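To start, the structure itself, in structure tokens.
The values are calculated or read from the model by the stated rules, or taken from the named source; none is laboratory data. All values reported here derive from a predicted model rather than from experimental measurement. Accessible surface areas use protein heavy atoms only, side chains included; no ligands, DNA or RNA. Shrake-Rupley method; radii C 1.70, N 1.55, O 1.52, S 1.80 Å.
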Amino acid sequence: MSSSLKFGGLALLCAAVLCIALTNQVATSGSSVRAGGGTLEERKLPMRFTWVACQPNCRGWIGAVGIVTADTPKEFDTFAKERQLRGATVVLDSSGGSVNDAIALGRRWRNLGLMTTVGTSIDPHNGDRAEVVSQAYCESMCVFLLLAGKTRYVPDGARVRVHQIWMGDRADDAKAATYSAQDLMIVERDIGRLAKYTFDMGGAGDLLSLALSVPPWDELHELSREELRLTNLVTTDAVAEVFSPKDSGAAAAVADLNAKPVQDRFVSEAVSLEKPVAAGKPTKTAEASVPTGGVAAPASNQPQR
């Protein structure tokens, strides 16, 4: 990927408008997001999808906020049935979630030819223009949803962070928990599935290596700009390529997209075939989510990040 991208006059105009709009605000981990007049901490709640319209000057985009659960792929399918989403952009703000369900969701996005970025969508009010601000997080399995985009852009204000997948019900106190042989099998199986997915999406083994090397009791690893390129998480440095030049209003609406460092890694070179789950058979899977602290969450049937 070239570090300097060339595009036509309209795209340059869009990028220029975006640069003027950037505000350089910084969000801290776990901070709340103000949207629609309220203060919400949504990226640790179950993922929800919204369509942010910016008519008449642009097509709009998909806001995807929260963690991936067993219900998320089905809820996205319901959301997609009501709209023509092919080639649209997904704006992510998420703390991760179920490994297998995130893989399923990511494959749906790639089949639709969606593009991905990180940010917080602000719906318009009182005639104001819709906006995307860059102070947002994409952590754990969210990073692999980001990878699902056919074109992927990470603004300077966004924080992309990785760590190991783990059993979701024991991530808050992983060292003190006990594990069975079955638990280890689940995690290793899901690492294999995740590895296959990563390569299918055009990601690099460096992404797995980085994520798997960070245990859940350590700080997440925030990917630097160099690591975002090394892992193939970023395919463009031009916001106009995810908010298409023809959507000039979209580029103007992207008010704030800026990034910060975080930590997240992988440590296995094993790649296993991703076998379909037999119908009606309960499936345990690891999770990849940021530990929440306090009482452990109920046992999950999927590994998480």
Check: Given a 1.4 Å probe and the protein chains all in place, what does the accessible area of Lys175 round to, in Å² to the nearest 10?
Finding: 140 Å²
Note to self: At q = 0.13, 0.21, 0.23 Å⁻¹, what log₁₀ I(q)/I(0) does the range 36-118 have when each alpha carbon counts as one equal point scatterer in the Debye sum?
What the structure shows: -0.39, -1.02, -1.20
Checklist line | Area of Phe49 that stays accessible when all protein chains are in place (1.4 Å probe, Å², to 10) | finding: 30 Å²
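In square nanometres, what is the average projected area of the Cα convex hull of the range 200-241?
Numbers: hull surface 14.7 nm².
So the Cα hull casts an average projection of 3.7 nm².
With all protein chains present, how much of the accessible area of the range 187-236 (probe radius 1.4 Å) comes from carbon and sulfur, to the nearest whole percent?
On the way: 940 of 1830 Å².
That fraction is 51 percent.
Can you give me the orientation-averaged projected area of the convex hull built on the Cα atoms of the range 101-245, in nm²?
Values: hull surface 40.6 nm².
Mean orientational projected area (the range 101-245, Cα hull): 10.1 nm².
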